[in-house]
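Peer 1: Would you mind keeping the following structure in view while I ask a few things?
The values are calculated or read from the model by the stated rules, or taken from the named source; none is laboratory data. Bear in mind that the values here come from a model prediction, so they are computed numbers and not experimental data. Cβ: placed from backbone, ideal geometry, glycine included. Neighbour counts: every protein chain shown.
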Amino acid sequence: MSGFHDINGVLHVDNVPLPDIAKQYGTPCYVYSASVIRGQFNALKDAMARALPANRQPLLCYACKANSNIAILKLLQNLGSGLEIVSEGELLRGLKAGFSGNKIISTSFGKNESEIKACLKAGILQFNVESPDELDNINKFAGEMGKCADALFRLNPDIRGGGNSKIETGRKEDKFGNTADDILRLYKIANEMENVTPLGLSIHIGSQISQANTFKPAFEKLAELVHILRGKGYKVERTDIGGGFPIIYNDEQLLDLDEYAGFVRDIILPLNTQIQMEPGRYMVGNAGILLAKTQYIKQTPAREFIVLDAGMSDLIRPTLYEAYHNVRTVMNSNRNAKTYDVVGPICESGDIFAKNRSVNEVNDGDLLVIESVGAYGFSMASNYNSRPLPAEILVDGDNIALIGAAQTIDELIARENIPDWL
Ligand SMILES: Cc1ncc(COP(=O)(O)O)c(C=O)c1O
């Protein structure tokens, strides 16, 4: 069996019992299922294959901010994915995982000199441009390097989309994208630049979008601008329609992929552009769990707390977004349910994974998992409270590999220095 499932009351990932992983690698650790990632990639690819002709399939560029472990990148690259990156670090990870430059898209918001030059050196497919000054810099650095950069312009369609306000990116008050009028100006400027070729438009309106209808007006605004640009004689050869596909954390609705693909067929396909997509969360979110040990049970007059050895430094989504993640025991699933607050060991009242949550009765030392943390889990982890980053483990059938070693405290301290004048 693939993915996360119980066998005789013990939670497994594929064929591997999670207690074995805890024993071998310690806790807390992230555990990923390769088969779940493959299943997600293929589900999206298949939905697009059903809707669009074979010669017009989109380039799926995995948004690796969701999970940038190089083994996960390699897995997706093996499946034929492209890559969306937002920093020089992500570029170097992608290259190390084997992505060729011409399948990499840079969408970062404040592209710096070193990053732009590294992207140009790698021969990336395109820069999705966020602002006029950024366009100037791309042209300037490409000129210095004797290169010409392909550019798309990110449209801010002023549309609400996204599971919560912190993951909406397409409203006019958001920092992302450019207005249609600004893009008309930028396209003209870029068209006259020696070292930039303007080739199209991009959008990304938010994350965890469960209604296909939400995408429709954004696609329509994109299409309208394509027609206006072409009417002015400009080339528009590519449209990047972003990511934002949801996963189930609790009781959310999943996006109807066929309905979504239908909007792509009806609105984007007739534009006769290369279609690009940037799914992040959808590819990896449900493929990861955070495996943790119960350090203590603490009873106060108001509450009973499960104190885990994992904290908000390992998984910040509940603290940052009040995000819901299911919490369950690895074993003992026949014990009675009790109500707990599930917390970490960090000195913050916000270090809470779940409040007033019903969990099978737990004792000190019991293993728990926090589910659906494959996206924006490890990639947002920090060293707060001087806690080393946790290990990452990938399972594929019977295969298990440590794909990210736990940091040591020595490594944490080694980068720091006491000046001799102190
Ligand atoms: C430009 C861009 N593309 C793609 C993504 C991926 O979004 P998601 O993980 O919701 O698919 C993001 C996420 O912030 C983004 O900013």
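Peer 1: What are the residues in region 399-413 that are surrounded by 12 or more Cβ atoms within 10 Å (Cβ to Cβ), in a helix (DSSP H, G or I) and not aliphatic (A, V, I, L, M), if any?
Peer 2: Correct list: Glu411 only.
Peer 1: Could you please find all residues in region 51-73 being of a type in the set (Lys, Arg) and within 16 Å of the ligand (Cβ to nearest atom)? I'd like the intermediate steps shown before the answer.
Peer 2: Just the residues of region 51-73 that are of a type in the set (Lys, Arg), to begin with: 56, 65.
Answer for region 51-73, where residues must be of a type in the set (Lys, Arg) and within 16 Å of the ligand (Cβ to nearest atom): just Lys65.
Peer 1: Could I ask something else about it? Within region 304-335, track down each residue that is surrounded by fewer than 16 Cβ atoms within 10 Å (Cβ to Cβ) and among the basic types (Lys, Arg).
Peer 2: Arg335, the sole residue that qualifies.
Peer 1: Could you tell me which residue of region 146-172 is farthest from Gln211 (Cα to Cα), considering only residues that are assigned to a loop (DSSP other than H, G, I, E, B) and away from the ligand (no atom under 16 Å from the Cβ)? Give the derivation first.
Peer 2: Initial filter on region 146-172 (assigned to a loop (DSSP other than H, G, I, E, B)): 146-148, 156-164, 169-172.
Then keep just the ones that are away from the ligand (no atom under 16 Å from the Cβ); that gives 146-148, 158, 172.
Working: Gly146: 45, Lys147: 41, Cys148: 39, Asp158: 17, Lys172: 21 Å.
Once the filter is applied, the top-ranked residue is Gly146.
So that you can scan it fast, the table gives a plain yes or no per residue for (1) in contact with a Cys (Cβ under 9 Å, 6 or more places away or on another chain); (2) away from the ligand (no atom under 16 Å from the Cβ); (3) part of a helix (DSSP H, G or I):
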| residue | (1), (2), (3) |
| --- | --- |
| Asn286 | no, no, yes |
| Leu290 | yes, yes, no |
| Thr294 | no, yes, no |
| Lys298 | no, yes, no |
| Ala302 | no, yes, no |
| Met312 | no, yes, no |
| Leu320 | no, no, yes |
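Peer 1: Within region 345-368, take every residue that is in contact with a helix residue (DSSP H, G or I) (Cβ under 9 Å, 6 or more places away or on another chain) and part of a loop (DSSP other than H, G, I, E, B) and give me the one that is surrounded by the fewest Cβ atoms within 10 Å (Cβ to Cβ).
Peer 2: If we take residues in region 345-368 being in contact with a helix residue (DSSP H, G or I) (Cβ under 9 Å, 6 or more places away or on another chain) and part of a loop (DSSP other than H, G, I, E, B), then Cys347 is surrounded by the fewest Cβ atoms within 10 Å (Cβ to Cβ).
Peer 1: Just the residues that are of a type in the set (Gly, Ala, Ser) and either touching a residue at least 40 places away in the same chain (Cβ under 8 Å) or not in a loop (DSSP other than H, G, I, E, B) (or both), please, taken from region 213-264.
Peer 2: Just the residues of region 213-264 that are of a type in the set (Gly, Ala, Ser), to begin with: 218, 223, 231, 233, 242-244, 261-262.
Result: Ala218, Ala223, Gly231, Gly242, Gly243, Gly244, Ala261, Gly262.
Peer 1: Still on this structure, please answer the following. List the residue pairs whose Cβ atoms are under 7 Å apart, where the first residue sits in region 92-108 and is in contact (Cβ under 8 Å) with a residue 40 or more places away in the chain, the second is assigned to a helix (DSSP H, G or I) and not aromatic (Phe, Trp, Tyr), and the two are 6 or more positions apart or on different chains.
Peer 2: Ile104/Leu91; Ile104/Gly94; Ile104/Ala122
Peer 1: Next question. Inspect region 105-112 for any residue being of a type in the set (D, E, K, R) and either assigned to a helix (DSSP H, G or I) or within 19 Å of Leu222 (Cα to Cα) (or both) and give the result as yes or no. Lay out the reasoning, then the answer.
Peer 2: So the first thing to find is which residues in region 105-112 are of a type in the set (D, E, K, R), and the list is 111.
Next cut, either assigned to a helix (DSSP H, G or I) or within 19 Å of Leu222 (Cα to Cα) (or both) only: none.
Scanning region 105-112, I find no residue that is of a type in the set (D, E, K, R) and either assigned to a helix (DSSP H, G or I) or within 19 Å of Leu222 (Cα to Cα) (or both), so the answer is no.
Peer 1: What's the number of the only condition in (1) out of contact with any Gly (no Cβ under 8 Å at 6 or more places or on another chain); (2) assigned to a helix (DSSP H, G or I); (3) within 16 Å of the ligand (Cβ to nearest atom) that Lys121 fails to meet?
Peer 2: Checking Lys121 against (1) out of contact with any Gly (no Cβ under 8 Å at 6 or more places or on another chain); (2) assigned to a helix (DSSP H, G or I); (3) within 16 Å of the ligand (Cβ to nearest atom), the one that fails is (3).
Peer 1: Moving to a separate point now. Would you call Lys74 touching a residue at least 24 places away in the same chain (Cβ under 8 Å) and either more than 16 Å from the chain's Cα centre (by Cα) or not in a loop (DSSP other than H, G, I, E, B) (or both)? Break it down into steps so the answer makes sense when it comes.
Peer 2: Working: touching a residue at least 24 places away in the same chain (Cβ under 8 Å): yes; either more than 16 Å from the chain's Cα centre (by Cα) or not in a loop (DSSP other than H, G, I, E, B) (or both): yes.
Answer is yes for this residue.
Peer 1: While we're here: Considering every residue within region 12-29, establish whether at least one is among the polar types (S, T, N, Q), at pLDDT below 95 and at positive phi. Steps first, please.
Peer 2: Keep residues of region 12-29 that are among the polar types (S, T, N, Q), which gives 15, 24, 27.
The next check asks that each one be at pLDDT below 95; those that pass are 15.
Then drop every residue that is not at positive phi, which leaves none.
No, because not a single residue in region 12-29 is among the polar types (S, T, N, Q), at pLDDT below 95 and at positive phi.
Peer 1: Consider only pairs whose beta carbons are under 8 Å apart and that are at least six residues apart or on different chains; among these, list those whose first residue lies in region 195-210 and is assigned by TED's automatic domain parsing to the domain that holds Gly243 and whose second residue is in a strand (DSSP E or B) and within 8 Å of the ligand (Cβ to nearest atom).
Peer 2: Once the first residue is assigned by TED's automatic domain parsing to the domain that holds Gly243 and sits in region 195-210, its partners that are in a strand (DSSP E or B) and within 8 Å of the ligand (Cβ to nearest atom) give Leu201/Arg154; Ser202/Asn128; Ser202/Arg154; Ile203/Arg154; His204/Arg154.
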